[in-house]
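Engineer: Please read through the structure below; I'll follow up with questions.
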């Protein structure tokens, strides 16, 4: 009862504050300045609450009208922050003045229960050790072959048979769920030498883990969206509400990760240093908790990002049949040139020749980046390239989602789906990673970028040439407010063999 009384007092306080703000500002003239609407005492809190369910689009709309596509966000209870969609600022954060913009306490403490001090939630030497170990594995010559073999096997023995069966029975499938299972199996095999067989296998254990993983990611993100930061800490202290559910989800995630670690430790003497996890296990100074953080971080990186991108890719193709036709023509040209028939696996060189498909995936990533925002912190007072001041301990957010929709970056057709913008004389043209920070940039550039493109192109090519994907609802899917840009209700499709 005492907990409920405190909650009620907090709600009444916020309601009173809202009424006060409304009364004191409703008769005022609309502000002429562009950017986030600032209220007395509470800053942008009313607008934040109003737009919390659509904050990616809110950031996009606001920043598109700001000079330099940058503005200051002020919320009660925390330091101010810079929100930007300016490539010059992004380059400054991620490269030019990298040491001044680490992962801040706001991010680390908010995600620590879920991600611990894994590579995406750490700084300094702790981050460098993980980066160095992971980069060695990702740069080995055998990785390309290993990834290709895994992807080919997963496509031919699991993905294609499931789609073929659904084609015969006219069953409605959740394609996003299938892609997540595919990516989950693949990253576990590549990074941990463990096959959970969640796609087409015994899915009980894997299903429970993935649901818990999704819940943990979404509930951790909810912490950022609290009206007052103390609220989620209050809920956590008393183990109530969303924090109670988060704790249960994290427990399931941790137990699954611990099983993977135990499995690899038992094989340690037999298969030393063959995968990413074994290299970390090989260092006796690494605790089980640290190993668990590594497992969770790489599952997040390998499972959620590529599956999110491909889900949006297939939805966009359903709206743009001309783009799908162009991809089919490119695939036919490559097969004819190499005298291969449909069903034969594509080689690495053939995947590299798929310029139009590569452009289509990049265009998807531009509009629907798997990681829509990134949060850093400022160590010392600074002035950004666009002239904006950023104070010590301020948080800094650059918005990949908003950047993909900025006319100042991509031109007047920035909201159109045009793979051709990535091509020059039919050849894929790289863009600046600071203009297109989907894989981050600078010292924190995503190590798995090339692996991700290999996987996505292999899946897309194999599925498109065999099946027509009929998306059941062409309306733009709502996305989950989570660490990655997942579709809220999945992607319901029917499949028809070509």
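Engineer: Would you mention how many residues in segment 440-460 are closer than 19 Å to residue 177 by Cα and at pLDDT 95 or above?
Structural biologist: Residues flagged as closer than 19 Å to residue 177 by Cα and at pLDDT 95 or above within segment 440-460 amount to 5.
Engineer: Within segment 42-147, considering only helices (runs of 4 or more DSSP H) that don't extend past its boundaries, which have at least 2 residues that are over 24 Å from residue 481 (Cα atoms)?
Structural biologist: 87-91, 124-138
Engineer: Now, a different point. Does residue 401 qualify as being in contact (Cβ under 8 Å) with a residue 12 or more places away in the chain, touching a strand residue (DSSP E or B) at 6+ places or on another chain (Cβ under 9 Å), buried (at least 21 other Cβ atoms within 10 Å of the Cβ) and not in a loop (DSSP other than H, G, I, E, B)? I'd like the intermediate steps shown before the answer.
Structural biologist: Details: in contact (Cβ under 8 Å) with a residue 12 or more places away in the chain: yes; touching a strand residue (DSSP E or B) at 6+ places or on another chain (Cβ under 9 Å): yes; buried (at least 21 other Cβ atoms within 10 Å of the Cβ): yes; not in a loop (DSSP other than H, G, I, E, B): yes.
Against the criterion (in contact (Cβ under 8 Å) with a residue 12 or more places away in the chain, touching a strand residue (DSSP E or B) at 6+ places or on another chain (Cβ under 9 Å), buried (at least 21 other Cβ atoms within 10 Å of the Cβ) and not in a loop (DSSP other than H, G, I, E, B)), residue 401 qualifies.
Engineer: Out of curiosity, is residue 374 over 30 Å from residue 149 (Cβ atoms) and assigned to a strand (DSSP E or B)?
Structural biologist: Yes, satisfied.
Engineer: Here is a follow-up. Residues being buried (at least 17 other Cβ atoms within 10 Å of the Cβ) and either in contact with a strand residue (DSSP E or B) (Cβ under 8 Å, 6 or more places away or on another chain) or more than 30 Å from residue 477 (Cβ to Cβ) (or both): count how many of those fall in segment 317-334.
Structural biologist: 3
Engineer: Still on this structure, please answer the following. Residue check: is residue 230 farther than 19 Å from residue 479 by Cβ, under 21 Å from the mean Cα position of the chain (by Cα), part of a helix (DSSP H, G or I) and touching a residue at least 24 places away in the same chain (Cβ under 8 Å)?
Structural biologist: In short, no.
Engineer: Quick check: anything in segment 425-441 in contact with a helix residue (DSSP H, G or I) (Cβ under 7 Å, 6 or more places away or on another chain), in a strand (DSSP E or B) and closer than 30 Å to residue 184 by Cβ?
Structural biologist: Yes, because at least one residue in segment 425-441 is in contact with a helix residue (DSSP H, G or I) (Cβ under 7 Å, 6 or more places away or on another chain), in a strand (DSSP E or B) and closer than 30 Å to residue 184 by Cβ.
Engineer: So, in segment 276-296, exactly how many residues are part of a loop (DSSP other than H, G, I, E, B) and either surrounded by 21 or more Cβ atoms within 10 Å (Cβ to Cβ) or at pLDDT 95 or above (or both)?
Structural biologist: The number of residues fulfilling the criteria is 0.
Engineer: Being in contact (Cβ under 8 Å) with a residue 40 or more places away in the chain and over 21 Å from the mean Cα position of the chain (by Cα) narrows it down to one residue among 81, 124, 116; which is it?
Structural biologist: 81
Engineer: Condition test on residue 258, is it in contact with a helix residue (DSSP H, G or I) (Cβ under 9 Å, 6 or more places away or on another chain), surrounded by fewer than 20 Cβ atoms within 10 Å (Cβ to Cβ) and touching a residue at least 24 places away in the same chain (Cβ under 8 Å)?
Structural biologist: yes
Engineer: I've got another one for you. Which one of 359, 388, 402, 441 is within 22 Å of residue 55 (Cβ to Cβ) and under 22 Å from the mean Cα position of the chain (by Cα)?
Structural biologist: 402
Engineer: Let me ask you something else. Those residues that are part of a helix (DSSP H, G or I) and more than 20 Å from residue 214 (Cβ to Cβ), I need them from segment 237-261; list them, please.
Structural biologist: Selection gives 237, 238, 261.
Engineer: Take residue 111 and tell me if it is over 17 Å from residue 302 (Cα atoms), in contact (Cβ under 8 Å) with a residue 40 or more places away in the chain, touching a strand residue (DSSP E or B) at 6+ places or on another chain (Cβ under 8 Å) and surrounded by 15 or more Cβ atoms within 10 Å (Cβ to Cβ).
Structural biologist: no
The values are calculated or read from the model by the stated rules, or taken from the named source; none is laboratory data. The shown structure was predicted, so the numbers you read here are calculated from the model rather than taken from an experiment. Counting neighbours? That spans all protein chains shown, and the Cβs are built from the backbone with ideal geometry, glycine included.
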